[in-house]
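Inspection log for the structure reproduced underneath, given as structure tokens.
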Amino acid sequence: MANDFSKGKVWKNIIYQAIPLMLAQLVQLLYNVVDRIYIGHLPGADSMALTGIGLAFPLTTLVAAFTCLFGTGGTPLFSIARGAGQEERAEKILGNTFSLLLGSSLVILVFCYLFRRPVLYLFGASDASYVYADDYLKIYLLGTSFTMLATGLNGFINAQGFPRMGMMTTMLGAALNLILDPLFIFCLHMGVGGAALATVLSQMVSCIWVLRFLTGGKTQLRIKRERLAVEGGLACEIISLGMAGFIMQATNCLVQIVCNATLKIYGGDLYVGIMTVINSVREILSLPVGGLTSGSQPVLGYDYGAKRYGRVCQGIRFMAVIGILYTLLAWFAVIQCPRLLLSVFTEDPAMLDAGVGALRLYFFGFFFMAFQFAGQSAFTALGYSKQAIFFSLLRKAVIVAPLTVLLPKLGFGVDGVFLAEPISNAIGGLACFITMYLVLYRKLKRDGQKI
């Protein structure tokens, strides 16, 4: 079979998958990060435009959550089916995932568009920041279907051993976004709305690329009309496995709402803007370890389906060690140059002065995130949905969100909001990894020795 992940060195297979994914995710970040960079330097808007974008984050994260529900649920099942030689089942998974993504995107578009005003004020908008948030969101939401299909189906390209083609999905869109952003924002004076329009058009191009590839002749398993009808049992399997990714993104949405609302009380619009910048820095610094763990999933899933358990253990070890080493380096970079990282997104002196301390607090012990990534990825790749869901909930819903509310009330003020993240990383990350080791890794190692 082409692209057989049960052959060759495991770490080489993971790197082969991970590097294009890292580049693809880096380019994917450009959709939002470049928007924030341009908007943060928008003449006459100071930090308020950036604050408005931050208020729109929870709804854009909600879109990502439903994308994960079906995309990250379908892809591991697809990889396991490929590894087991079940090609008909794999194509059904692909077709069902397409239909679920398209249907849910239309529901989200209608709901979020109609109720965006009360929702934005609930998220902590003021009259001044709402103008910017609404200008961005009402255009961004029109591209919901393009965003969900492009992102949710791209994993099926990578899972068939075409990571470079998957990388092109985001590279094409991001290149267009880089061109259109300054054109719409500055040349055509569209401001925040121009950034949203550039993103929508870019995602449309990415979506067309994905659909053309997955319906064309270059790939072995394709989207076929006869596989599009949603099967209840298969949909439940997809949703069950994708629930971990959904909960992770949905709880990110919850945390963003709680953070914005709490910061609005204790620090005002300035600190909502600072959190927007910190989230942008976190996305950039988390990208390599996220790409590594995402790249490992098709390899782990394929070897697991082929019952090559020793190779699965090798992949988990490699993923964990490299992830920890990288996050230690990233933490050191934040300690050494916090102001430089912040200045990429804003020139506002007040935001820079207040943001340095907040950034250092937020990233304290950043390497614990690698344990969460490794444990979560292993559970998801091998179909252990209950464990993946539990640890998604534990870190965000059980630890971060309550601490974000409680710590400021206990006398920490705005610092308490930024301290909640490192505490959750340490507790949630270690709990996830240790459980994965005890429940999954040791069993795989024993089973591998028997074969």
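The values are calculated or read from the model by the stated rules, or taken from the named source; none is laboratory data. The shown structure was predicted, so the numbers you read here are calculated from the model rather than taken from an experiment. In this analysis, Cβ positions are derived from the backbone assuming ideal geometry, glycine residues included, and neighbour counts consider all displayed protein chains. Side chains included, ligands, DNA and RNA excluded: accessible areas come from the protein's heavy atoms. Shrake-Rupley method; radii C 1.70, N 1.55, O 1.52, S 1.80 Å.
Restricted to region 340-353, and to residues there that are open to solvent by less than 30 Å² (accessible area, probe 1.4 Å), more than 25 Å from A426 (Cβ to Cβ) and not hydroxyl-bearing (S, T, Y), the residue that is modelled with the lowest pLDDT is F345. For region 410-426, a residue qualifies if it is over 16 Å from S392 (Cα atoms) and assigned to a helix (DSSP H, G or I), and the qualifying residues are L410, G411, F412, V414, D415, G416, V417, F418, L419.
Among the residues of region 60-71, which ones are modelled with pLDDT of 85 or more and either open to solvent by 10 Å² or more (accessible area, probe 1.4 Å) or under 19 Å from A229 (Cα atoms) (or both)?
At the first step, the residues of region 60-71 found to be modelled with pLDDT of 85 or more are 62-71.
L62, A64, F66, T67, C68, L69, F70, G71 - these are the residues of region 60-71 that are modelled with pLDDT of 85 or more and either open to solvent by 10 Å² or more (accessible area, probe 1.4 Å) or under 19 Å from A229 (Cα atoms) (or both).
Condition check ((1) open to solvent by 10 Å² or more (accessible area, probe 1.4 Å); (2) of a type in the set (K, R); (3) farther than 27 Å from R317 by Cβ) across all residues:
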{"site": "F371", "(1), (2), (3)": "yes, no, no"}
{"site": "S377", "(1), (2), (3)": "no, no, no"}
{"site": "Q387", "(1), (2), (3)": "yes, no, no"}
{"site": "V400", "(1), (2), (3)": "no, no, yes"}
{"site": "S424", "(1), (2), (3)": "no, no, no"}
{"site": "L430", "(1), (2), (3)": "yes, no, no"}
{"site": "V439", "(1), (2), (3)": "yes, no, no"}
{"site": "K443", "(1), (2), (3)": "yes, yes, no"}
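So G245 passes all but one of these: (1) surrounded by fewer than 17 Cβ atoms within 10 Å (Cβ to Cβ); (2) assigned to a helix (DSSP H, G or I); (3) in contact (Cβ under 8 Å) with a residue 24 or more places away in the chain. Which condition number does it fail? Every listed condition holds for G245 apart from (1).
Go through region 156-168 residue by residue and tally those that are part of a helix (DSSP H, G or I) and open to solvent by 20 Å² or more (accessible area, probe 1.4 Å).
4
Would you say V205 is part of a helix (DSSP H, G or I), over 30 Å from F379 (Cβ atoms) and within 22 Å of the chain's Cα centre (by Cα)? For V205, the condition - part of a helix (DSSP H, G or I), over 30 Å from F379 (Cβ atoms) and within 22 Å of the chain's Cα centre (by Cα) - is met.
Only a single item in (1) assigned to a helix (DSSP H, G or I); (2) open to solvent by 20 Å² or more (accessible area, probe 1.4 Å) is not met by G383, and it is number (1). Of the residues making up region 45-59, those that are farther than 15 Å from L263 by Cβ and at pLDDT below 75 are A45, D46. Looking only at residues in region 72-108 that are at pLDDT 90 or above and open to solvent by 40 Å² or more (accessible area, probe 1.4 Å), the one that is nearest to K307 (Cα to Cα) is K92. Of all residues in region 194-242, those that are among the small types (G, A, S) and surrounded by fewer than 19 Cβ atoms within 10 Å (Cβ to Cβ) total 7. Test V255 against the stated conditions and say whether it is more than 20 Å from the chain's Cα centre (by Cα), part of a helix (DSSP H, G or I), within 30 Å of V405 (Cβ to Cβ) and not acidic (D, E). Here the answer is no, as V255 does not meet what is asked. Filtering region 120-162 to residues that are closer than 18 Å to V205 by Cα and of a type outside the set (A, V, I, L, M) leaves Y140, G143, T144, S145, F146, T147, T151, G152, N154, G155, F156.
When you scan region 268-284, do you find a residue that is open to solvent by less than 30 Å² (accessible area, probe 1.4 Å), under 28 Å from D415 (Cβ atoms), free of Cβ contacts under 8 Å to residues at least 24 places away in the same chain and over 20 Å from the mean Cα position of the chain (by Cα), even just one?
Here is the first cut: in region 268-284, the residues open to solvent by less than 30 Å² (accessible area, probe 1.4 Å) are 268, 272-281.
Keeping just the survivors that are under 28 Å from D415 (Cβ atoms) gives 268, 272-281.
Narrowing further to those that are free of Cβ contacts under 8 Å to residues at least 24 places away in the same chain: 268.
Applying the additional criterion that residues be over 20 Å from the mean Cα position of the chain (by Cα) yields 268.
Looking through region 268-284, at least one residue is open to solvent by less than 30 Å² (accessible area, probe 1.4 Å), under 28 Å from D415 (Cβ atoms), free of Cβ contacts under 8 Å to residues at least 24 places away in the same chain and over 20 Å from the mean Cα position of the chain (by Cα).
Might you check whether a residue that is out of contact with any Phe, Trp or Tyr (no Cβ under 6 Å at 6 or more places or on another chain), without any contact (Cβ under 8 Å) to a residue 12 or more places away in the chain and either farther than 26 Å from L419 by Cα or open to solvent by less than 10 Å² (accessible area, probe 1.4 Å) (or both) occurs anywhere in region 312-326? Looking for residues that are out of contact with any Phe, Trp or Tyr (no Cβ under 6 Å at 6 or more places or on another chain), without any contact (Cβ under 8 Å) to a residue 12 or more places away in the chain and either farther than 26 Å from L419 by Cα or open to solvent by less than 10 Å² (accessible area, probe 1.4 Å) (or both), one finds at least one in region 312-326, hence yes. Can you tell me which residue in region 111-127 is modelled with the lowest pLDDT, limited to those that are part of a helix (DSSP H, G or I) and more than 16 Å from T60 (Cβ to Cβ)? Once the filter is applied, the top-ranked residue is D127.
Restrict the check to region 290-298 and report whether at least one residue is within 24 Å of the chain's Cα centre (by Cα), buried (at least 24 other Cβ atoms within 10 Å of the Cβ) and under 18 Å from F366 (Cβ atoms). Yes; the residues of region 290-298 include at least one that is within 24 Å of the chain's Cα centre (by Cα), buried (at least 24 other Cβ atoms within 10 Å of the Cβ) and under 18 Å from F366 (Cβ atoms).
Here R360 fulfils each of the conditions (1) modelled with pLDDT under 90; (2) open to solvent by 50 Å² or more (accessible area, probe 1.4 Å) apart from (1).
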